Amino acid sequence: MAKQFSQSYGSTPQSEKADPNQVKNNAGGHSFAISDLSRVNRFLLLGSTDSSYYASGAKIVAESNQAISKALLKHGKTVVDMAIDISENGRAPKNDPAIYVLAVAASCNNIEVRKYALENLSRVCRIGTHLFTFLTYVKDMRGFGRTLREAIAKWYNNMETKRLAMQICKYQSRRVEGGTSWSHLDAIRLSHPIPADDEKNTIFAYLAGKLGDVKPLKGTDMEYIYWHEKLRVSPSDSTIKAALKYGVTRESLPTEVLNRPEVWEWMLEKGMPLTAMIRNLGKMSAIKVLKPLSKNTKIVVDTLNDQKALHQSRIHPLNVLAALETHKNGKGFRGSLTWPVVQQVKGALDSAFYKSFDNVEPTGKNFMVSVDVSGSMNWDSCAGIESLTPRQVAGALAMVIARTEKNSYINAFSHTMVDAKITAKDSLSSVLRKFNNIAAGGTDCALPMIHATKEKLNVDVFVVVTDSETWCGNIHPHEALKKYRLKMHKPNAKLIVIACLDNAFSIADPNDANMLDIHGADTSMPQIISEFVNDRL
């Protein structure tokens, strides 16, 4: 069918260029190359630590590094601003790519860009682990000169005392990428900060082990240190309750008390941070803290259904999706911990996934959402989240659009069109299961437009969720869209391409104002789609 359609219009097979701006993709077909700035944006949202079906992880990382360097050379501070925006607004599932881009900017040859990156260190590196990750990255790129040491010193001196006291206890040390270990004491010794006030001097003395008695800290902005030390020495029930009441987090509790159900109940009653709650659903289920119809389960479900709390926590939809996949499996991706699945929690995670995206009014347009289920979309993980494949993420993103846009039709494709048998009423679990059960094949990203033309479907907006590694069709996707527009008398029919992997390719023609690239599961995706469809982007 695809061959007959393309031949009747004399179109170009995907193994050949249909446009001089196209380049050969990793699969051997031809796609449009995205700009270096777009590649940086895609890296920030998706990362590039994993291999793809067609390219090794090392190749992808090398290409991303080259794009970051070129973009910094041409766009300078704009690249830093992109990293800040995506990091501060929680638009990516992981903060490491933003930290990496900041480290590259802080090490580049442009003095103004280096200075700008270091001035904004605390905006991207907001917690101790972020700082330790930055130090690991930057150590391999440049020396620890005066400006870098001053930036690290300011990270400590400019932070509110109460928050700094919590940071040095909660994130005392971390082993980060490559097995490198960093601690706050390492960072202090490296940067030699002059304490901004007596309180900072006391905190630095505590880090160096020179403080002695911490009792005088009670009732001050440094009281967190007092409770942290009291828990370490004598974790009685009364101490644990008093520390939790003050606001001490799970990381300050001794490991041996974390197997006691009542301790988790106290944490839930006090108000556990949402990210910590999601990360520990398996643990709480395993030790029977979470059970059907229990008050603890109600606390978790109510929190997951609180859209305001979801946005304030910066929890990313893909991290919610990963938690859903993990919880419903009843065991961790790593380790031996198992637990009974609590259906109320599973349902709340399903709901939280949608609520963690920006909420926008539907456009009222007719959407055809087509998910790439080819072999390359079921390879390795997506956005650095081990439990999720690009195919699963693609299916979940399709559901976000289907839930937002009521006039939508979901299908799937590889080298043929596939009826995914999915509606907007499907749960995420059923969607992921249905996509996993579809047999993989080659990649022909033109098929959605070919199918809509053949069936005379009234489509205002095509959404193709793919890795853009198209190769096996007899017509290019952008050509197929033009033919659809002509045959169906819809000159403004739009194409939105949602990228699921960090590579340099897109099927969207950058010279066509009615085609758009969106990079990954950006939390602002529904808003971007709405503005583009309504010609406001």
At most 16 other C-beta atoms within 10 Å and a DSSP loop state: those are the exposed chymotrypsin sites (Phe, Trp or Tyr not before Pro) I care about. Give me the longest piece of the chain that has none. 334-537
Mind checking which lysines have their C-alpha under 17 Å from Lys154, skipping anything on the same chain fewer than 8 residues away? Lys115, Lys162, Lys200
When only DSSP loop residues count, what trypsin sites (Lys or Arg not before Pro) in region 325-357 have their Cβ near at most 15 other Cβ atoms within 10 Å? Arg334
Order of Met449, Met284 from fewest to most other C-beta atoms within 10 Å? Met284, Met449
Separation in nanometres of the label points that stand 7 Å from Cα toward Cβ, at Arg232 and Lys298: 3.9
Under 13 Å Cα to Cα from Lys70, which aspartates and glutamates show up? Leave out anything in the same chain fewer than 8 places away. Asp36
Among DSSP bridges having both ends in the chain, what percentage is antiparallel? Round to the nearest 5. 35
Total charge of the residues flanking Val214 in space, meaning their Cβ is under 9 Å from its Cβ, with Lys and Arg +1 and Asp and Glu -1, is +1
With a cut-off of 8 Å between alpha carbons and a minimum separation of six or more residues, what is the relative contact order of region 308-361 in percent? 46
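First select every other residue whose beta carbon is under 11 angstrom from the beta carbon of Ser374; then total the charges, Lys and Arg +1, Asp and Glu -1.
Value of the local net charge: -3.
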For the chain, what is the calculated [θ] at 222 nm in deg cm²/dmol (nearest 500), taking -39500 (n - 2.57) for each run of four or more DSSP H residues and dividing by its residue count? -14500 deg cm²/dmol
Taking 22 Å as R0, compute the FRET efficiency from the Cβ-Cβ separation of Asp140 and Glu119 and round it to 0.05. 0.50
The relative contact order of region 381-525, taking Cα pairs under 8 Å that sit 6 or more residues apart, comes to a percentage of 20
Taking neighbour counts of Cβ atoms within 10 Å as a proxy for exposure, in what order, fewest first, do Cys445, Cys472, Cys500 appear? Cys472, Cys500, Cys445
For Leu37, Leu231, which order do you get if you count the other beta carbons within 10 Å of each Cβ and list the fewest first? Leu37, Leu231
Which whole-number percent is the relative contact order of the chain (Cα, under 8 Å, 6+ apart)? 17
Using only the alpha-carbon atoms of the chain, report the extent along each of the three principal axes, biggest first, to the nearest angstrom. 85, 59, 39
Between the DSSP loop rule and a limit of at most 13 other Cβ atoms within 10 Å, which GluC sites (Glu not before Pro) in region 313-412 are left? Glu386
Residue separation between Asn89 and Ala208 times 0.36 nm, minus their alpha-carbon distance, gives in nm 39.4 nm
Are there any trypsin sites (Lys or Arg not before Pro) in region 156-238 that are in a DSSP loop and have at most 12 other Cβ atoms within 10 Å? List them by number. Lys210
Shape verdict for region 320-404, please, from the Cα gyration tensor: rounded (a/c under 1.5), prolate (a/b greater than b/c) or oblate. oblate
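A short reminder: the numbers here are calculations on the coordinates, not readings from a lab. For clarity, every value in this text was computed on a predicted model and none was experimentally measured. FYI the Cβ positions are ideal-geometry reconstructions off the backbone, even for glycines, and counts take in every protein chain you see.
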